Amino acid sequence: MSSFPVSLSELVEYVDFNQQSFLISAASIAFNPTFWNIVARREYRTKFLTKLFGGNRDVACYALAVTIFGLGIFRDFLYERALRDQPSHPALEGENVTYAAYALLAIGNLLVVASTWQLGIQGTFLGDYFGILKDKMITGFPFNITSAPMYHGSTLSFLGTALLYGKPAGILLTLHVLIVYTIAIQFENPFTAGIYAKRERERAKAAGFEEKKEL
Ligand SMILES: *[C@@H]1O[C@H](CO)[C@@H](O)[C@H](O)[C@H]1NC(C)=O
C-alpha cells in the first residue's frame with residue numbers, strides 16, 4: 001500500500017535501460033563530483049592549479065569554478081536528452097504533477113542560488129582547497145535548513161525536471177543523484193573540516209608564539 005500514485009517497481013517498468021543516453025546521463029552525474037574532488041584534493045596537496053596560473057590561487061579557483069559550472073551545464077543537457085528518449089508515465093502527466101514540478105524547481109534553484117550568494121563563487125567552488133578559507137562558518141539561510149543546500153537544491157531540481165517531463169527514468173536518475181551526492185558529502189565534509197582544524201591549530205600556535213614574545 002502506498003499513497004503515492006505510482007510504486008517504485010511500477011516506475012522502473014517505465015524506464016528504458018537500453019537507451020544509451022540514459023547510461024550516459026548516469027555516468028555524467030557520477031563523473032562531476034568525482035572530477036572536482038580529485039582535482040581539488042590534488043590542488044590542496046600539490047598546488048598544481050595555482051602553479052599553472054602563475055601562482056595566482058584566486059584565478060586558479062575561478063578557472064576551476066568555470067570548469068565545474070560548464071560540466072554542470074553539460075550534465076543537465078545530457079539529463080534532458082536522456083529524458084526525451086524515455087517513455088512517460090500517464091500518472092505523471094496530470095496538472096498537479098506539473099505544479100509540484102514547478103515548486104520543486106523553484107525551491108531547488110532557490111537553495112542553489114542562496115547558497116552561492118552566501119558562500120561566494122570561491123566558497124562555492126572549493127576555494128578551501130586553494131587555501132581561500134572563510135573566516136567563520138555560515139549559518140544563515142539556506143544553511144539553517146540543510147547543511148548541503150547546493151547538493152540538496154540540485155537534487156530537487158533533478159526531481160522537478162523528471163516530474164515536468166513526466167518521466168519515471170528521471171525519478172530513477174534523481175535517486176542516483178541523491179546517492180552520488182550523499183557519498184560526495186561523506187567524502188568532502190571530513191576533508192574540509194580537516195582544512196579548517198589545521199588553520200585553527202596554526203592560529204593557536206601563532207597566538208602562543210605572540211604570548212611568548214610579550215613575556
Ligand atoms: C532560516 O533563516 C531564515 C532567514 O534568516 C528565516 O527566515 C527562517 O525562518 C530560518 N529557518 C529555520 C528553519 O530556522
From the list Ile73, Ile138, Ile121, Ile68, pick out the single residue that is surrounded by fewer than 16 Cβ atoms within 10 Å (Cβ to Cβ), closer than 20 Å to Thr192 by Cα and at pLDDT 95 or above. Ile121
Determine which member of the set Phe209, Phe191 is within 17 Å of the chain's Cα centre (by Cα) and either assigned to a helix (DSSP H, G or I) or not polar (S, T, N, Q) (or both). Phe191
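Ile73: within 15 Å of the chain's Cα centre (by Cα) and either assigned to a loop (DSSP other than H, G, I, E, B) or away from the ligand (no atom under 16 Å from the Cβ) (or both), yes or no?
It is true that Ile73 is within 15 Å of the chain's Cα centre (by Cα) and either assigned to a loop (DSSP other than H, G, I, E, B) or away from the ligand (no atom under 16 Å from the Cβ) (or both).
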List the number of the failed condition for Gly166; all other conditions in (1) at pLDDT 95 or above; (2) exposed (fewer than 13 other Cβ atoms within 10 Å of the Cβ) hold. (2)
Return the total of residues in region 124-166 being within 16 Å of the ligand (Cβ to nearest atom) and not in a loop (DSSP other than H, G, I, E, B). 3
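A quick yes/no check of all residues on (1) modelled with pLDDT of 95 or more; (2) closer than 16 Å to Ala162 by Cβ; (3) under 15 Å from the mean Cα position of the chain (by Cα); (4) not aliphatic (A, V, I, L, M):
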site	(1), (2), (3), (4)
Val15	yes, yes, no, no
Leu23	yes, no, no, no
Ala26	yes, yes, yes, no
Ile29	yes, yes, yes, no
Cys61	yes, no, no, yes
Leu64	yes, no, yes, no
Phe77	yes, yes, no, yes
Arg81	yes, yes, no, yes
Gln86	yes, yes, no, yes
Among the residues that make up region 170-182, is at least one of them away from the ligand (no atom under 16 Å from the Cβ), within 30 Å of Gln86 (Cα to Cα) and touching a Pro at 6+ places or on another chain (Cβ under 8 Å)? yes
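The values are calculated or read from the model by the stated rules, or taken from the named source; none is laboratory data. It should be emphasised that the depicted structure is a prediction, and the values quoted were computed from it without experimental measurement. Note: ideal-geometry Cβ built from the backbone for every residue, glycine included; neighbour counts use all protein chains shown.
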